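Bear in mind that the values in this text are calculations on the coordinates, not laboratory data. Here the structure is a predicted model, which means the values were calculated and not measured. Neighbour counts run over all protein chains shown; Cβ positions are idealised from the backbone, glycine included.
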Amino acid sequence: MSLVFYWYPRCGTCRKAKQWLEAAGQTLTPVDLVESPPSAEELDLLVKESGLEIAKFFNTSGEVYRELGLKDKLPALSREEKLKLLASNGKLIKRPIVKGGERVTVGFREDEYERVWGTR
């Protein structure tokens, strides 16, 4: 099974995650988050399948997040507004996102990858 790998190629964490997954024998279908951000509908499905809060999908350390002042604005937004915001700019999305079947991970933590995507 090929994993959908949402990433930003210039992101060091994304490159580490890609290297880890490939070393674990995973086949990846890469999607550049900046060039082709997922739609609000796709993001909604990813959030549901991940079991995480939608807030975990925001790249809170990113430049765009800070420029838009989202730390203060985000709590007042509806779920739909948050999804549209994420879909509007791939740099707002925490990365990488990995999807395989109905499993989804956000970010890169080696212990989580080992548990979800298999050992090397």
task: Amide H neighbours of LEU33 under 5 Å, at least 5 residues apart or on other chains, H built in the peptide plane: list them.
output: TRP7, TYR8
- prompt: Once label points are set 7 Å from the Cα along Cα→Cβ at both GLU80 and GLU41, what is their separation, rounded to one decimal in nm?
  reply: 1.5 nm
field: the chain - share of DSSP beta bridges that are antiparallel (%, nearest 5)
entry: 55 percent
query: What number, rounded to the nearest 500 deg cm²/dmol, is the helix-based mean residue ellipticity at 222 nm of the chain, given -39500 (n - 2.57) per DSSP H run of at least four residues and division by all its residues?
result: -11500 deg cm²/dmol
- request: Starting from the stretch 1-69, pick out the GluC sites (Glu not before Pro) whose DSSP state is loop and whose Cβ has at most 15 other Cβ atoms within 10 Å.
  value: GLU35, GLU53
query: Computed FRET efficiency, Cβ-Cβ of ASN89 and LYS48, R0 35 Å: what is it to the nearest 0.05?
result: 0.95
task: Between ARG103 and GLN19, with labels modelled 7 Å along Cα→Cβ, what's the label distance in nm to one decimal, could you check?
output: 2.3 nm
query: Taking amide hydrogens as modeled 1.01 Å from N in the peptide plane, which residues meet the under 5 Å criterion relative to LEU3, leaving out close sequence neighbours?
result: THR27, LEU28, THR29
